[in-house]
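Structure first, commentary second.
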Amino acid sequence: TFDFNEWVSSIDIEKAEAESEDDRKNIMALVTASHGGAVALNRTVIEELREWLLQQARKLLKAVPRQDRAFSTAVESVTDLIWRQGKLAEAEPLFKEIVK
């Protein structure tokens, strides 16, 4: 199965490709010159992707009626995602809904 967190964690701007090697070199020169360089850009991209996914997951949760949550595999997956991203306070009440 696809693991979003694992995929996102493997993002590395220094392994990125471009149309041409000259383009890649120019882009990497700008990244390197920026505050924090490639490490900071990687961190920002990873954080933004994780936050985007959480926003999509929260929208999905809102679409599932409360009375159906205990039986919804989508709610279980969203809860697991929230938990694995370290949002324990947000995940705890969802876990409780599932086990009711």
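The values are calculated or read from the model by the stated rules, or taken from the named source; none is laboratory data. What you see is a predicted model, and the numbers here were worked out from it, not measured in a lab. Cβ atoms come from the backbone with ideal geometry, glycine included; neighbour counts cover every protein chain shown. Heavy atoms of the whole protein, side chains included, go into the accessibility calculation; ligands, DNA and RNA do not. Shrake-Rupley method; radii C 1.70, N 1.55, O 1.52, S 1.80 Å.
What the table below lists for this structure:
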read-out	value
Of all residues making up the range 44-100, the number that are in contact with a Phe, Trp or Tyr (Cβ under 7 Å, 6 or more places away or on another chain) and free of Cβ contacts under 8 Å to residues at least 40 places away in the same chain	2
Among (1) open to solvent by 100 Å² or more (accessible area, probe 1.4 Å); (2) outside any loop (DSSP other than H, G, I, E, B), the one test that residue 2 misses	(2)
Members of the range 24-66 found to be open to solvent by 70 Å² or more (accessible area, probe 1.4 Å) and small (Gly, Ala, Ser), listed by number	33, 63
